[in-house]
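> The structure's right below; bear with me while I get my questions together.
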Amino acid sequence: MAVQGAGAEERAAIGARVLRLRTERGLTQRALAEPAYTAAYISTVESGKVSPSETALRFLAGQLGVSFEELSTGRPAHLGTELRVLLGDARQLLAEGAPADAARRFAELAEEAARSALPAEEATARTGLGDCALEQGELTRAIEEFERAEELLADRPLPQRVPALRGRAVAHLLAGDLRYSCYLLENAIDQLNAAGLHDPHALVLLYSAVIAPYMDLGAQNRAARAAELALALAPQVADPALVARLHRGVARTLLAQGRAAEADAALARAQELYQQLQIRTELAHCHWMRGYLRGQEGDLGEAERELRTARGILADRRAALYTVQIDVELADVLRRGGQAAEAEQLLADLLGSLTPERGAVHAGGAHRLLGLIAEERGDDTAAEQHYRAALALLERTGAAADLADLCRLLGDLLRRTDRPEAALDAYRAGLTHRATPGTTTLGPAPAGPPL
């Protein structure tokens, strides 16, 4: 790294380091300079009057017994390595279900990396902070941290920015902005494949992340294709946690296709990996999905057990937003099992923690269930209010399948209460949502990598 033409501040900093190190070692300017330079030259360097060349700095670093990097930047050569080890420890804290403790550690490491001018390490810490915020349901803060990480890596290849980009897409998904989440992920996939950057880890990270917004948008074929491509790339990925996350996403596409046994097998593979890695939060997501699967099969007792297990793990780890999502699923199981009063209370409690900007899809799901409960007890007015509240929440998300289902429920209610014209309007709206399911802001699905 040449420092010719360095500014006055940088010249002064290098000069101060040379003076400090020379003094600490008890060397005179002449002893440091010979045989390549003169004492006068060392004096001008130490006073910050000249910008030493790379050759001069490498010579002086050898004389002083330090690395060229440390002398030119003031940063010990091993600092980056040490920070990466500590970042791994902070990541493990998060995996074990301690997001608040992990966030404090990531914040300390981000500050240390910033002071030491290590942008890659600071970006990793910022991504960790974003992941902690996701677990705690603080979506705005999560987006800010992910964006900061991407800015720090702006001049780096796209694969290095993918973890932060994926985190930002997940935050937008949880906030109910399904189309923008898809846009971010599809755009990155297209850029990687168009540029020939067929990085298996980055692509699997993106493909496994895009499955959820695809499914929520009703684009089941795209979700299945993303799962297929990710599975084809999985043997080239060394990260078992990422492979486990992929199997969890694949299970969702299999379940949508009516392949329950294969979905259960995929979840079992994911659960085994998470248990080996002691990643408790992700393990909870497996119990969550198995609860959903059992509920779809009609085994409501086992579904409730799995969902309560997932809820217990996440509640213990203060994963607020994910806990709320499980409560919506659990309330549906309770309602179907004849425990409508408990389901209604659970839904009423959780709605207080959700806003249109924080969990709109799940708030919509809660209102839908409250509408069904109200209808079952004969309170048509309350049912209609809940259905319309759910529609208002979901219309901004683009969740086509959920919107179509709500329009059907509302239409049936209106028809049964002798309002045929309003019922027809609701049915037409539902058909409109069904006509173009799964469209995204990009249009055509992203191209796949060469396999």
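Quick note: the coordinates plus some simple rules give every number you see, no bench work behind them. Fair warning: this is a prediction, and the values are worked out from it, not measured in the lab. All Cβ positions, glycine included, derive from the backbone under ideal geometry; neighbour counts span all protein chains shown.
> In nm, what is the difference between 0.36 nm times the number of residues separating GLN191 and ARG25 and their Cα-Cα distance?
Taking GLN191 through ARG25 to full extension adds about 54.5 nm, to one decimal.
> List the pair-distance distribution P(r) of the range 8-73, using every Cα-Cα distance, as the percent of pairs falling in each 5 Å bin from 0 up to the bin containing the longest distance, rounded to whole percents.
3, 20, 35, 30, 10, 1
> Note down the relative contact order for the range 151-276 as a percent, whole number, built from C-alpha pairs under 8 angstrom at least six residues apart.
Dividing the mean separation by the residue count of the range 151-276 yields 19 percent.
> Could you check the spin-label model distance between GLN385 and THR81? Points 7 Å from the Cα along Cα→Cβ, value in nm.
Using points 7 Å along Cα→Cβ, the separation is 6.6 nm.
> Kindly provide the pair-distance distribution of the range 96-186 built from C-alpha pairs, with 5 Å bins from 0 and whole-percent values in order of increasing distance.
For the range 96-186, the pair-distance distribution reads 3, 17, 25, 24, 18, 10, 4, 0.
> Given a cut-off of under 8 Å on Cα pairs at least six residues apart, what relative contact order in percent is computed for the range 83-197?
18 percent
> In degrees between 0 and 90, to the nearest 10, how far off the longest principal axis of the chain does helix 340-351 point, with axes built from Cα atoms?
30 degrees
> Turning to a different aspect of this structure: Could you work out [θ]222 nm for the chain from helices alone, using -39500 (n - 2.57) per DSSP H run of at least four and dividing by all its residues? Round to the nearest 500 deg cm²/dmol.
-25000 deg cm²/dmol, from helical runs alone.
> Report, in degrees rounded to the nearest 10, the 0 to 90 angle that the Cα long axis of helix 380-395 makes with the longest principal axis of the chain.
Once rounded, one gets 30 degrees.
> Can you tell me, using C-alpha contacts under 8 Å and at least 6 residues apart, the relative contact order of the range 242-322 as a whole percent?
Contact order relative to length: 24 percent.
> In whole Å, what three semi-axes, largest first, describe the equivalent ellipsoid of the chain built from its Cα gyration tensor (square root of 5 times each eigenvalue)?
Gyration-tensor ellipsoid for the chain: 55, 21, 20 Å.
> For the chain, take the longest principal axis of its alpha carbons; what is the angle in degrees between that and the long axis of helix 320-336, to the nearest 10 within 0 to 90?
20 degrees
> Please arrange THR124, THR55 by how many other C-beta atoms lie within 10 Å of their C-beta, fewest to most.
Sorted ascending by nearby Cβ count, the order is THR55, THR124.
> Moving on to the next point. What number comes out for the charge environment of LEU71, summing +1 per Lys or Arg and -1 per Asp or Glu over other residues with Cβ under 12 Å away?
Surrounding charge for LEU71 is +2.
> Also, I was wondering about something else. Count charges around ALA256 for me, please; just the other residues with Cβ under 12 Å from its Cβ, Lys/Arg as +1, Asp/Glu as -1.
+1
> Within the set of other residues whose C-beta is less than 13 Å from the C-beta of VAL204, count the net charge using Lys and Arg as +1 and Asp and Glu as -1.
Residues close to VAL204 contribute a combined charge of 0.
> Counting other C-beta atoms within 10 Å, and keeping those with at most 15, which DSSP coil GluC sites (Glu not before Pro) do you find in the range 181-286?
none
> In addition: Based solely on C-alpha atoms, express the radius of gyration and the Dmax of the range 242-305 in angstrom.
According to the Cα coordinates of the range 242-305, Rg and Dmax are 11.1, 31 Å.
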